[in-house]
Amino acid sequence: MRASMLRLIRSRSSSAASRPHLLRRAYGSESVPERKVAVLGAAGGIGQPLALLMKLNPLVSQLALYDIAGTPGVAADVGHINTRSEVAGYVGEEQLGQALEGSDVVIIPAGVPRKPGMTRDDLFNINAGIVKSLCTAIAKYCPNAVVNMISNPVNSTVPIAAEVFKKAGTYNEKKLFGVTTLDVVRAKTFYAGKAKVPVEEVNVPVVGGHAGITILPLFSQAVPKANLADEDIKALTKRTQDGGTEVVEAKAGKGSATLSMAYAGALFADACLKGLNGVPDVVECSFVQSSIITELPFFASKVKLGKNGVEEVLELGPMSDYEKQGLEILIPELKASIEKGIKFANQ
């Protein structure tokens, strides 16, 4: 089992150079810059597998794991893995500053997961308060860090973070990202299955937001091209939008999408680290401050990542009539979620 897992990791890293959107080693170990990554909520359902995946990333030199409980055990466990990064666990509010100091990237999966019957809005009041307090600490202890927001509802938590940083005088719109990578991961998987193409060759941009109908996969831009019927595209779109619910229902009250979310979170954090390190042409979809795409202050689209975070927000590109209709439908809902976050932050 262990040998086969090692073979899988090796085979992925050896073939990754041909897949620019996946984890790949861009440097020899001796030339990789020192990078500290902090995971806030590291003892949770997403946090633990995310901590493991970040420990496996050769671009990370220091890994700080923070939660309100349980992190010393997670840190001790993950810390035994023979990879580059040094691991430290921090527990409770009094150790949060120590966890954050000197961080280049802060990943926030903290909060409560969805349960059957819950919408992302049902999560709002609990997770919004958690995000607000964590972002207040980020503004104080590592104001220049790249922030990767996983805590749901992302459509509202990213605007909350922006407002907190604005009040603290530390806001840099180029360094705040809502992690929508799981929508892209799902769209690629579902498209590959329907089009019968190798999934590792697939790319599908996903734009809009990160909940329900605000998730808009642009299957018309998918590569490799496949002549799928309109009803297939509609079914794939719906399945991508409902991917989180599919997992919540399959787990029957025992959790939400934690493992696939951790994988997606690790992919996006890896892209941010590559950007910071000067790797050229790193492009991922993310929910960022953006005024060129729509009239909304935040929107998920393809973003070029670089040494300062967002280098460039890319245009949506050509869309099918079905996708244009989807864009029109999602805007009012996304607008309401953004406004809800801004209102909460300013209460």
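The values are calculated or read from the model by the stated rules, or taken from the named source; none is laboratory data. Just so we're clear, the structure is a prediction, and the values are computed from it rather than from any experiment. Don't worry about glycine lacking a Cβ; one is built from the backbone with ideal geometry, like all the others, and counts go over all protein chains shown. Calculation scope for accessible area: heavy atoms of the full protein, side chains included, ligands and nucleic acids excluded. Shrake-Rupley method; radii C 1.70, N 1.55, O 1.52, S 1.80 Å.
Can you work out which of the residues in segment 206-234 that are in contact (Cβ under 8 Å) with a residue 40 or more places away in the chain and among the small types (Gly, Ala, Ser) is most open to solvent (accessible area, probe 1.4 Å)?
Among those that are in contact (Cβ under 8 Å) with a residue 40 or more places away in the chain and among the small types (Gly, Ala, Ser), it is Ser220.
Return a yes/no flag: does segment 182-196 have any residue that is farther than 20 Å from Met261 by Cβ and either at pLDDT below 95 or touching a helix residue (DSSP H, G or I) at 6+ places or on another chain (Cβ under 7 Å) (or both).
Yes, because at least one residue in segment 182-196 is farther than 20 Å from Met261 by Cβ and either at pLDDT below 95 or touching a helix residue (DSSP H, G or I) at 6+ places or on another chain (Cβ under 7 Å) (or both).
If we only count helices (runs of 4 or more DSSP H) wholly inside segment 1-81, which ones have 2 or more residues that are at pLDDT 95 or above and over 22 Å from the mean Cα position of the chain (by Cα)?
71-79
Take segment 84-128 and flag every residue that is assigned to a helix (DSSP H, G or I), open to solvent by 40 Å² or more (accessible area, probe 1.4 Å) and at pLDDT below 95.
Listed by number, the residues that qualify are Asn125, Ile126.
For segment 179-200, which positions are of a type outside the set (A, V, I, L, M, F, W, C), in a loop (DSSP other than H, G, I, E, B) and open to solvent by 10 Å² or more (accessible area, probe 1.4 Å)?
Within segment 179-200, Lys196, Pro198 qualify.
Out of Ile338, Ile331, which single residue is among the β-branched types (Val, Ile, Thr) and in contact (Cβ under 8 Å) with a residue 40 or more places away in the chain?
None of the others qualify; the one that does is Ile338.
Quick test for you: out of Lys335, Lys340, Lys302, Lys307, pick the one residue that is exposed (fewer than 14 other Cβ atoms within 10 Å of the Cβ) and either out of contact with any Lys or Arg (no Cβ under 9 Å at 6 or more places or on another chain) or of a type in the set (Gly, Ala, Ser) (or both).
Every option except Lys307 fails the conditions.
I need every pair where a residue in segment 284-296 that is in contact (Cβ under 8 Å) with a residue 12 or more places away in the chain has its Cβ under 7 Å from the Cβ of a residue that is of a type in the set (D, E, K, R) and crowded, with 19+ Cβ neighbours inside 10 Å, sequence separation at least 6 or different chains.
Sorted first by the residue in segment 284-296, then by its partner, the pairs are Cys285/Lys302.
Does Ala345 count as more than 28 Å from Ala38 (Cα to Cα) and either open to solvent by 20 Å² or more (accessible area, probe 1.4 Å) or modelled with pLDDT of 95 or more (or both)?
No: the conditions fail for Ala345.
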